[in-house]
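Visitor: Take this structure first; my questions come after.
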Amino acid sequence: MSTPIPPAIELCSLAKSFGELQVLRSIDLKVTQGEVVCIIGPSGSGKSTLLRCVNLLETPTGGQVLIDGIDITDPHSDIDEIRTRIGMVFQQFNLFPHLDVAGNLTIAQRRVLKRSRIESNDKAVSVLKRVGLSDKLHSYPRQLSGGQQQRVAIARALASDPEMMLFDEPTSALDPELVGEVLDVMRGLAEAGMTMLVVTHEMGFARRVADRVVFMDGGLIVEEGPPDQVIGDPQHERTKRFLEQVFER
């Protein structure tokens with residue numbers, strides 16, 4: 001009898017407080033291999049904190065975070081090794097301004113993954129092609145649009161060959177006309193089977209691409225289910241009020 005494959009990401013009674021402010025309250029969530037889960041909700045609901053707890057950029061104050069069945073809140077776990085399996089893209093691009101695109105894409109490969117210069121350069125070329133920026137290898141961040149910088153940030157995350165990707169509102173810092181090019185790259189990753197946990201305010205993307213949508217408010221998961229249910233026919237009154245406000249803008 002085959003051993004069941006554990007979820008790519010599993011949160012068990014996850015809690016996080018900053019002083020007396022409780023930001024996450026006993027969150028339970030599973031993301032299976034190859035699944036795309038979008039998290040929506042108002043500002044201050046705990047979405048970004050949840051995402052940052054997944055790779056311990058924030059240390060939970062309670063509960064467990066399991067990656068491929070390994071409890072990374074266990075002090076004996078090798079968090080550095082586990083982080084190599086997880087790519088993360090932030091709201092801000094966080095590119096090194098003094099390095100060209102090639103430098104931004106190869107520095108972590110060489111220092112963290114110990115890849116050779118040739119191997120890391122080859123990977124940089126490959127992932128840049130994947131995000132549609134093959135001609136920008138030797139450009140500097142200041143020479144790129146916001147959308148191009150965010151696509152480079154995605155390429156940088158992909159260069160480490162992650163098993164899963166975390167996106168923290170990756171389009172929120174972009175001008176509206178640049179949002180589509182980033183979402184197209186993310187849609188391509190989803191179609192290729194990448195496991196993705198995405199905090200987003202892009203309801204159209206969530207509805208078209210997500211396997212499941214999670215609505216958070218007040219540090220709790222209020223509602224979750226298929227996008228057509230949560231976005232198209234929400235059952236909880238708080239979800240309804242949030243979506244009414246979103247679609248009135």
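Visitor: So in the stretch 98-150, with the set limited to residues that are modelled with pLDDT under 95, among the charged types (D, E, K, R) and assigned to a loop (DSSP other than H, G, I, E, B), which one is surrounded by the most Cβ atoms within 10 Å (Cβ to Cβ)?
Guide: Result: 115.
Visitor: Out of all the residues in the stretch 190-246, which are open to solvent by 40 Å² or more (accessible area, probe 1.4 Å), of a type outside the set (Asp, Glu) and part of a helix (DSSP H, G or I)?
Guide: 207, 208, 229, 238, 240, 241, 245
Matching residues to (1) of a type in the set (Val, Ile, Thr); (2) modelled with pLDDT of 95 or more; (3) under 16 Å from the mean Cα position of the chain (by Cα):
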site	(1), (2), (3)
186	no, yes, yes
207	no, no, no
222	yes, yes, no
227	no, yes, no
233	no, no, no
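Visitor: When both residues are 6+ apart or on different chains and their Cβ atoms are under 8 Å apart, which pairs have a first residue that lies in the stretch 102-115 and is within 16 Å of residue 154 (Cβ to Cβ) and free of Cβ contacts under 8 Å to residues at least 40 places away in the same chain, and a second that is buried (at least 17 other Cβ atoms within 10 Å of the Cβ) and among the polar types (S, T, N, Q)?
Guide: Going by the 8 Å Cβ cut-off, the qualifying pairs are 102/121.
Visitor: Before we move on, is residue 16 open to solvent by 70 Å² or more (accessible area, probe 1.4 Å), assigned to a strand (DSSP E or B), among the charged types (D, E, K, R) and touching an Asp or Glu at 6+ places or on another chain (Cβ under 8 Å)?
Guide: So residue 16 does not fit the description; no.
Visitor: For residue 37, only one of the following conditions fails: (1) part of a strand (DSSP E or B); (2) out of contact with any Gly (no Cβ under 8 Å at 6 or more places or on another chain); (3) open to solvent by 20 Å² or more (accessible area, probe 1.4 Å). What is its number?
Guide: Only one criterion is unmet by residue 37, namely (3).
The values are calculated or read from the model by the stated rules, or taken from the named source; none is laboratory data. Predicted model, so just to flag it, every value in this text is computed and none were measured. Every residue, glycine among them, receives a Cβ derived from its backbone with ideal geometry; neighbour counts consider all protein chains shown. With ligands, DNA and RNA removed, areas are computed over all heavy atoms of the protein, side chains included. Shrake-Rupley method; radii C 1.70, N 1.55, O 1.52, S 1.80 Å.
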